[in-house]
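Following: one structure in structure tokens, then a few remarks.
The values are calculated or read from the model by the stated rules, or taken from the named source; none is laboratory data. All figures in this text were calculated on a predicted structure; none of them were measured in a lab. Positions of Cβ are backbone-derived with ideal geometry, glycine not excepted, and every protein chain shown enters the neighbour counts. Note: areas computed on protein heavy atoms with side chains; ligands, DNA, RNA excluded. Shrake-Rupley method; radii C 1.70, N 1.55, O 1.52, S 1.80 Å.
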Amino acid sequence: MRFDTKLLHNGNEICSVTGASSIPIYQASTFHQFSIDQPGEFDYARSGNPTRQALEATIAHLEGGCRGFAFASGMAAISTVFLLFSRGDHLVVSQDVYGGTYRVLTNVFERMGIETSFVDTTDLEQVMQAIKPNTRALYIETPSNPLLKVTDLRGVVNIAQAHGLLTIVDNTFLTPYYQRPLELGADIVIHSATKFIGGHSDVIAGLVAVKDRELAESLAQLQNAFGAVLGAHDAWLVMRGIKTLKARMELSTRSAEKVALWLQQHPDVERVYYTGLPSHEGHFVQDAQASGHGAVLSFDLGDGDKVRQFLQRVKLPIVAVSLGAVESILSYPALMSHASMPPEVRLKHGITDGLLRLSVGLESADDLIEDLAQAMSFSVSVAVGR
């Protein structure tokens, strides 16, 4: 089946007992055992729940993995994956990674003796130079958050395999609809399902898909031991979101391309970061490893004062953390997603005080552009004031 059809017909869409067109929400914490000598598949909901199991099977199927896992948040998913590593291990990580990932690596896992090198993974030479004898994995975010840097996944996988390392990819921005890292040789793929997969700003969730059965078993033990699992109702919400993923991604992507082209020509915008623009340095790599460019873009207004004026005037996008919803969302990385990064580190990585990230939703692209245009009228008022 084509991927569009798999979103609706993946073997986890119909209740096998009743024929219901939606997997029931099994709102249960424990399960009766009819025989203690032959226990059933489910015993305690932390270890397994039928609703969560359906979602886990779905993400594994969509990503081309052997097993999937659903967690209470994207960070719970990321943190549990990092628990695969031990004191003395070293990781190579994309330098402009999501602020929450940076925080947990530097504030938590560093204290536990796991070392991290943050490098520009778009430069494969830097990746190779960062590898040490105790390196255990390469952790890639592509496109990265918030600068939309594109890492060559095939190139990274080749390096990892040559050194006996795991390749872990955060695929939140593109979802399996546009990019499937396991098919390119990665070992683990992670999603904040709060974003495009859930798609409606009404659920917090994280998903993981794994290619290798032995690795999947290790992660299953960690999921059960650590216990940061997704609840049944939230799992149902994510499955509902998956059903409309194609329609939402395609419409939002078309609008994002239109908005990015408009921003690129606006005199008050210093730079636009969107992989769908041919001028983007990662455009052709993205074309080679993904079937689309997604609905997230960033643009730089030059300084924090302009950002504040702009955010006070904009009307359609909500100003908030997160992305990937039916409504457009404007975020200010310096004080939101990457606030946990020290200012000098953030600026070194190009996350300036003038940078805004826009997740384009399902509104009319023309209405969004008109709203962005009126919000940028600060250049006129500044000129008059002078």
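Observations
- Among residues of the stretch 208-260, those that are polar (S, T, N, Q) and either under 29 Å from Ala365 (Cβ atoms) or touching a His at 6+ places or on another chain (Cβ under 9 Å) (or both), counted: 4
- Being open to solvent by less than 10 Å² (accessible area, probe 1.4 Å), modelled with pLDDT of 95 or more and within 13 Å of the chain's Cα centre (by Cα) is a property that does not hold for Thr135.
- Just one residue in the set Val326, Val314 is open to solvent by 10 Å² or more (accessible area, probe 1.4 Å), in contact with a His (Cβ under 7 Å, 6 or more places away or on another chain) and in contact (Cβ under 8 Å) with a residue 60 or more places away in the chain; that residue is Val326.
- Flag if Asp89 is charged (D, E, K, R) and in contact with a helix residue (DSSP H, G or I) (Cβ under 7 Å, 6 or more places away or on another chain): no
- Which numbered condition Tyr177 fails, given (1) within 11 Å of the chain's Cα centre (by Cα); (2) surrounded by 24 or more Cβ atoms within 10 Å (Cβ to Cβ): (1)
- If you filter the stretch 190-204 down to residues that are farther than 17 Å from Gly294 by Cα and not hydroxyl-bearing (Ser, Thr, Tyr), you find that the one that is least open to solvent (accessible area, probe 1.4 Å) is Val203.
- Summed over the stretch 338-375, the residues that are part of a helix (DSSP H, G or I), in contact with a strand residue (DSSP E or B) (Cβ under 9 Å, 6 or more places away or on another chain) and under 14 Å from Val314 (Cα atoms) give a count of 2.
- Only residues that are aromatic (Phe, Trp, Tyr) and either assigned to a helix (DSSP H, G or I) or within 14 Å of the chain's Cα centre (by Cα) (or both) were counted across the stretch 57-79, and they come to 1.
- In the stretch 255-305, the residues that are open to solvent by less than 20 Å² (accessible area, probe 1.4 Å), among the aliphatic types (A, V, I, L, M) and farther than 22 Å from Leu372 by Cα: Ala290
- Against the conditions (1) of a type in the set (Val, Ile, Thr); (2) in contact with a helix residue (DSSP H, G or I) (Cβ under 7 Å, 6 or more places away or on another chain); (3) open to solvent by 50 Å² or more (accessible area, probe 1.4 Å), Thr58 satisfies every one except (3).
- Any hit, the stretch 84-93, residues being on the phi < 0 side of the Ramachandran plot, of a type in the set (Val, Ile, Thr), touching a strand residue (DSSP E or B) at 6+ places or on another chain (Cβ under 6 Å) and surrounded by 19 or more Cβ atoms within 10 Å (Cβ to Cβ): yes
- Hits in the stretch 80-97 - residues which are part of a loop (DSSP other than H, G, I, E, B) and more than 21 Å from Pro146 (Cα to Cα): Leu83, Leu84, Phe85, Ser86, Arg87, Gly88, Asp89
- Filter result (open to solvent by 40 Å² or more (accessible area, probe 1.4 Å), touching an Asp or Glu at 6+ places or on another chain (Cβ under 8 Å) and part of a loop (DSSP other than H, G, I, E, B)) within the stretch 14-40: Ser21, Phe31, Gln33
- Taken across the stretch 295-307, residues that are free of Cβ contacts under 8 Å to residues at least 12 places away in the same chain, within 28 Å of Thr101 (Cβ to Cβ) and out of contact with any strand residue (DSSP E or B) (no Cβ under 7 Å at 6 or more places or on another chain) do not occur at all.
- Candidates Gly11, Gly100: the one that is assigned to a helix (DSSP H, G or I), touching a helix residue (DSSP H, G or I) at 6+ places or on another chain (Cβ under 8 Å), modelled with pLDDT under 95 and among the small types (Gly, Ala, Ser) is Gly100.
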